[in-house]
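Below is one structure, written out as structure tokens; comments come after it.
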Amino acid sequence: MIASRRDFLKVAGAAAVIAGAGKAEARTLKMPVGLELYSVREMLPKDFQGTLNQVHAAGYGVVEAAGYYNHSAAEVLSAMNSAGLRCISAHYPLALLEAQLDSIVSYAKALGLEYIICSSSDGTHRDPNAHGEPTLDDWHWRIEQFNRIGATVKSAGMTFGIHNHTPEFATIDGVLVYDEIMKLTDPSVVTLQMDCGWVYRAGHSPAEFIARDPSRFELLHVKDMILVPGSSEPKLPVMGKGNIDYKPILRAATHLKYYFIEQEEFDGDPMTELREDADYMKHFNY
């Protein structure tokens, strides 16, 4: 049951956006192809500069960091510039943001980041002595931390965001956690970086959530996925070889500023597959 006329209009508006997705004139993404550097996490420690050079040669213009491999901000910035890349964003778990926010913000400013993203809330609880699966109270506490961190990051001239996996789509005491995140995070200090693959894995439509309020979604992670009957682990093929339909997702994402391909596993040569991913997104019509 829809509780109010306002809720009805939100739902109706989201449905209209999705329903009209196939009717609008097809277009391509007019922004640089981005890569989440977690994709090359096994290569970067062995040859940081060489890996970044290969990433650019594979067709990428912007990247999101997931660790710096003991390099200073000046060293990372120099390596990015040398490779012809811009590091736009970086991932940090909530526990690290809680413990080291000042140094993270200082490093991010020196690197020239636009976004600081909470990659995961795993293991954090309202009660620091608690363990196990989070309660709804834990999620409300996490949301309070998101708003607090977001205000600090904004004051430093950057934007804070929340990345999702599947736990954000758990239902606890009849409440969908992601609904609470959308409702209770402050849009003035918190953006949402939707990982479309993990929303799909959780059994939801990324386009439906984005269409509720497109202004909340400035960043996307894009990956393809094949769900395997009887297995909890999906296959993660190169873009275009899985089952996720990105046309309604990208049509809904009218406030999108950057997207990052994330290839979490490879069947063949990583750089060959990352080039295939980039080529697919460069020519993707939606």
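The values are calculated or read from the model by the stated rules, or taken from the named source; none is laboratory data. In this text the structure is predicted, and so the values were computed from the model without any measurement. Glycine also receives a Cβ, built like all others from the backbone with ideal geometry; neighbour counts cover every protein chain displayed.
Okay, here's what the table says:
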quantity	calculated
Pairs, first free of Cβ contacts under 8 Å to residues at least 40 places away in the same chain and under 20 Å from His204 (Cα atoms) in the stretch 146-170, second part of a helix (DSSP H, G or I) and basic (Lys, Arg), C-beta under 9 Å, six or more apart	Thr166/Arg201; Phe169/Arg201
Close pairs from the stretch 217-245: first over 13 Å from Glu262 (Cβ atoms) and touching a residue at least 40 places away in the same chain (Cβ under 8 Å), partner among the charged types (D, E, K, R) and in a loop (DSSP other than H, G, I, E, B), Cβ under 7 Å, at least 6 apart	Glu218/Lys257; Gly240/Asp224
Residues of the stretch 62-119 classified as closer than 23 Å to Glu168 by Cα, out of contact with any His (no Cβ under 6 Å at 6 or more places or on another chain) and β-branched (Val, Ile, Thr), total	1
The stretch 143-174: number of residues that are part of a helix (DSSP H, G or I), within 17 Å of Met194 (Cβ to Cβ) and not acidic (Asp, Glu)	5
Condition check for Ser82: farther than 27 Å from Gln54 by Cβ and either in contact with a Lys or Arg (Cβ under 6 Å, 6 or more places away or on another chain) or exposed (fewer than 13 other Cβ atoms within 10 Å of the Cβ) (or both)	no
Flag for Ile181 being at pLDDT 95 or above, touching a Cys at 6+ places or on another chain (Cβ under 8 Å) and in a helix (DSSP H, G or I)	no
